[in-house]
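Data block below; observations after.
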Amino acid sequence: MELTLDRVTKNYGSKIACDRISLTLTKGVYGLLGANGAGKTTLMRMMCGILEPTSGSISYDGIDVSREEYRDVLGYLPQDFGYYPEFTAQDFMMYIAALKGLPKAKAKVRTTELLELVSLKNEAKKKIKTFSGGMKQRLGIAQAMLNDPKILVLDEPTAGLDPKERVRFRNLISRMGADRIILLSTHIVSDIEHIADTILVMKSGQLIHSGSLDEIIEVIRGKVWECTVPQDVADMLTEKYPIINTRNAAEGVFLRLVCDKKPCENAVNTEATLEDLYLYYFSVEERTDNK
Amino acid sequence: MNTFWNLVSYEYKKIFKRKGAVITLILAAAVSLFSVFGTIIGYIYDSNGEPVMSRYDDMKTDLEYARELSGRAIDTELIMEASEAYSKLELNSAEKYTDSEEYENYARKYSEIYSIVRSVYNTSSELFDVQTFGNMTKEQADNFYEIRRQKQEQAIMQTNMSDAAKQSVIGLDSGVEKPIVFEASEGYTRFFAIMYTTGIIIAVAAAIIFAPLFSGEYTSGADSLILSSKHGKSLLVWAKLFVSFTLSAGLSVILTVLTYAECMAIWGTDGADAAIQLQVPMMSYPLTMGQCALLYSVSVFAACIMTAALTAMLSAAIKTPSGTIVIMSVIIIAPMMLNVSEDIVWLYKLFCLLPSNMMAFWCIIDSIQFELFGLVIRPYIFTPVFALVAAVLFGISAYRIFGKKQVN
Ligand SMILES: Nc1ncnc2c1ncn2[C@@H]1O[C@H](COP(=O)(O)OP(=O)(O)O)[C@@H](O)[C@H]1O
Ligand SMILES: [Mg+2]
């Protein structure tokens, strides 16, 4: 079970949305992290065969992404997609099941199971046009799983979910990751921090990091500092270093920042988190943009 | 196979859940009904604006007269008899001759005979009017078929077809039995005229119903789900094309049968075996009205299938259903306002292969033949075969285009 991306590139005119991305995915949960516009959706579309790469190739155990056999083992939740508003949730699931080639009897069983799993059992007979954003999103997650896919690609699956639903979703993904490849994209760190075995960080079309949480954080381990300083010192530090967090405190300004060495007298070294890493890259981008 | 039928049923479901499609179907049936019954509703008015009789009764009278003459050969005797009756008309410019008493009493009975012989005796230099008809000589009547033959030959020789095609068309006329036997056949006459409207209605309905066949998925945003699913780029596309084929075929058969039944019910079923020359006297095809009706219906059917397939292809290629509807409207309606000269044969014949012209009777029984690789092919054969081949090609293109659709 191996999904291979080989120098996958997508250009829109002179804009490079994905830049020579090479990856090998095996069983497990992969979290694709990146700011809006980083190229996550573009990459996922190419992995689902609905967008042809400008160059490069994608295959699963030697089966090219353009083949029917590939789509047969694929489950995909697009970032934004349309439903048939006149269809009920049940109709919709049965229709997608037909598209995926499930026999009717099996489709019925799967539909019932999955609607229950995403807590839409009681809404099965309601028309989709009456659904809230979160309900639609859950229906989208359910349809992706209909064919018990070997490759599950979820583009911003937690968008529109409330905190309780997010937790349920995370648990679901953790359970399912045992025997398939799951790739989910997000720009919210907490979505994947605890469930992704491997974290992929994308920025401006490039894959800048990939590895386990520990490996990824290695980049800034020991470099995250917290301090509370007077306003003028705070201004000086903000100029010089990537700031992850700042708030006004009684004794001055509280700062959390990334720096190779102790930035000021009273700075305390703290444990780095994925959020720090993400914001670090994000702020580097902003700081260069501002110049 | 099960999956295929399952997908087909969902496609039908999607179409019939759209109000636009359902309204279009109902409208198509209504317009088609009205185009038939509209011609017999209302009254005939005299010069003072007073109603004289209902159009329906008027039509009945014509029908009875025609039936009285049914079975009689159009020969010297009948032509002279008709001429005699027309000679009784007192012609003055104040009144239309058809409003006169003499017309009602003597000539009207032979009006159909007049309209047949007129197209033979008419020449570009001299109009064969009512007066000329009344004064015609027995010798002229004797020469009816000879004059017809000469005129026909002349007309064909004047075209820009190849010699082989010309000879083949001229040769056809020997198959037409002479003298031509008169038969009441108003039902068929009407059918040939009204089927054009019916055909256009079916084409327009097909364009509206199938415009969203593929592009509806683009606009709804379901395309990313469909194209990433196992059957989305293959079986589903065939299912969609199958639906556009069956639905347009069904629509075409139902409306054709409806039009035929209405014509037969109102104007009578007489004339199935009558020669088509009663309707188009100069024609050289040895065909009966019934055969022409069948050939014409087959062409309209094929043209509808082609229109649906073309719509499907455009729907796959164009982002929105409205784009497809606009293009299809132009394709269907523009040729109705255009005229292409027969002088440039290939251009003229291409023009005959546009959907709306395929639905015109004159294009199906046209004397100008299709010529391809040295073969001379009758329009009523070439047209439906071409339409079906084109439909298959459009279908395959739709398949290719949708399968390669990029979501971005
Ligand atoms: N159809 C398109 N035409 C031109 N540029 C596009 C198109 N789709 C995406 N892009 C550009 O490619 C980049 C990556 O977009 P996307 O993959 O949607 O990012 P993400 O999903 O990470 O937010 C963006 O800069 C976006 O503007
Ligand atoms: Mg995105």
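For the protein assembly as shown, the share of alpha carbon pairs falling in successive 10 Å distance bins from zero is 3, 12, 17, 16, 13, 10, 9, 8, 6, 4, 2, 1, 0, 0 percent. Using Cβ point charges alone (K and R +1, D and E -1), the dipole size of chain B about the Cα centre works out to roughly 3300 debye.
Antiparallel beta bridges, as assigned by DSSP with both residues in the stretch A:104-230, represent about 50 percent of the total such bridges.
With a Cα-only, solvent-free Debye model of the stretch B:308-408, what are the log10 I(q)/I(0) values at q = 0.19, 0.22 Å⁻¹? Relative scattering, expressed as log10 I(q)/I(0), comes to -0.98, -1.15.
In units of the compact-protein estimate 2.2 N^0.38 Å, the stretch B:171-219 shows a Cα radius of gyration of 2.13. Helix A:231-240 versus the longest principal axis of chain A: what angle, 0 to 90°, nearest 10, using Cα atoms? The helix A:231-240 is inclined about 60 degrees to chain A. Taking the Cα atoms of chain B, the ratio Rg/Rh between the radius of gyration and the Kirkwood radius comes to 1.06. When only alpha carbons are used to place a centre, the stretch A:184-263 and the stretch B:90-134 end up 101 Å from one another. For the stretch B:199-281, what percent of Cα pairs sit more than 14 Å apart? Every Cα pair in the stretch B:199-281 considered, those over 14 Å come to 74 percent. If the Kirkwood radius is taken over C-alpha pairs of the stretch B:1-50, then at 20 °C and 1.002 mPa s the Stokes-Einstein diffusion coefficient equals 148 µm²/s.
For the residue pairs A:Lys106/A:Lys164; A:Lys125/B:Lys319; A:Lys27/B:Lys230; A:Lys164/B:Lys230, the alpha carbons lie more than 26 Å apart in A:Lys106/A:Lys164; A:Lys125/B:Lys319; A:Lys164/B:Lys230.
Suppose we keep just the DSSP beta bridges with both residues in chain A; what percent of those would be antiparallel, to 5?
65
Both radii were evaluated on the Cα set of chain A; the Rg over Rh quotient, with Rh as the Kirkwood radius, amounts to 1.04. Percent of C-alpha pairs per 10 Å bin in the stretch A:150-246, short distances first: 12, 35, 28, 18, 6, 1. Using just its DSSP H runs of length 4 or more, each adding -39500 (n - 2.57), the protein assembly as shown gives a mean residue ellipticity at 222 nm of -16500 deg cm²/dmol after division by all residues. The Rg/Rh ratio of the stretch B:96-199, with Rg taken over Cα atoms and Rh as the Kirkwood radius over Cα pairs, comes to 1.02.
When only Cα pairs below 8 angstrom with a gap of at least 6 residues are kept, chain B shows a relative contact order of 20 percent. Put simply, the stretch B:6-83 fits an ellipsoid with semi-axes of 47, 22, 8 Å; these come from the alpha carbon gyration tensor as the roots of five times its eigenvalues, largest first. The alpha carbon convex hull volume per residue for the stretch B:150-233 rounds to 239 Å³.
Could you sort B:306-314, B:389-397 so that the peptide with the highest average Cβ count within 10 Å comes first and the rest follow in order? Walk me through the numbers before you get to the answer.
Values: B:306-314: 29.2, B:389-397: 17.9.
Ranking the peptides B:306-314, B:389-397 by packing returns B:306-314, B:389-397.
Computed over the stretch A:58-119, the range of Cα coordinates on each principal axis works out to 37, 28, 20 Å, biggest value leading.
Compared with the direct C-alpha span, the chain from A:Gln79 to A:Met236 gains 52.5 nm at full extension, assuming 0.36 nm per residue.
Distance from the C-alpha centroid of the stretch B:246-308 to that of the stretch A:39-83: 51 Å, rounded to the whole angstrom. Here is the tail figure for the stretch A:1-158: Cα pairs spaced more than 20 Å apart come to 53 percent of all pairs. Counting every C-alpha pair in the stretch A:217-264, the share spaced more than 12 angstrom apart comes to 57%. Compared with the dominant principal axis of the Cα atoms in chain B, helix B:379-403 is inclined by about 10°. Placing +1 on the Cβ of each Lys and Arg and -1 on the Cβ of each Asp and Glu in chain B, which of B:Tyr43, B:Leu295, B:Ser174 has its Cα farthest towards the positive end of the resulting dipole? In chain B, that residue is B:Leu295. When its C-alpha radius of gyration is set against 2.2 N^0.38 Å (N residues), the stretch B:227-335 gives a value of 1.46. Subtracting the Cα-Cα distance of A:Ala35 and A:Asp162 from their residue separation scaled by 0.36 nm leaves 43.6 nm. For chain B, the longest principal axis of the alpha carbon atoms and the long axis of helix B:235-267 meet at an angle near 20°. Here the stretch A:12-51 is treated as an ellipsoid with the same Cα gyration tensor; its semi-axes, largest first and in whole Å, are 20, 12, 10. Summarising the overall dimensions of the stretch B:48-121 from its C-alpha atoms, the Rg and Dmax are 13.4, 40 angstrom. Eigenvalues of the alpha-carbon gyration tensor of the stretch A:192-251, scaled by 5 and square-rooted, set the equivalent ellipsoid semi-axes at 31, 14, 10 angstrom, largest first.
Each reported figure results from applying straightforward, stated rules to the coordinates on display, with no laboratory input. Please read all numbers here as calculations on a predicted model, not as lab measurements. Neighbour counts run over all protein chains shown; Cβ positions are idealised from the backbone, glycine included.
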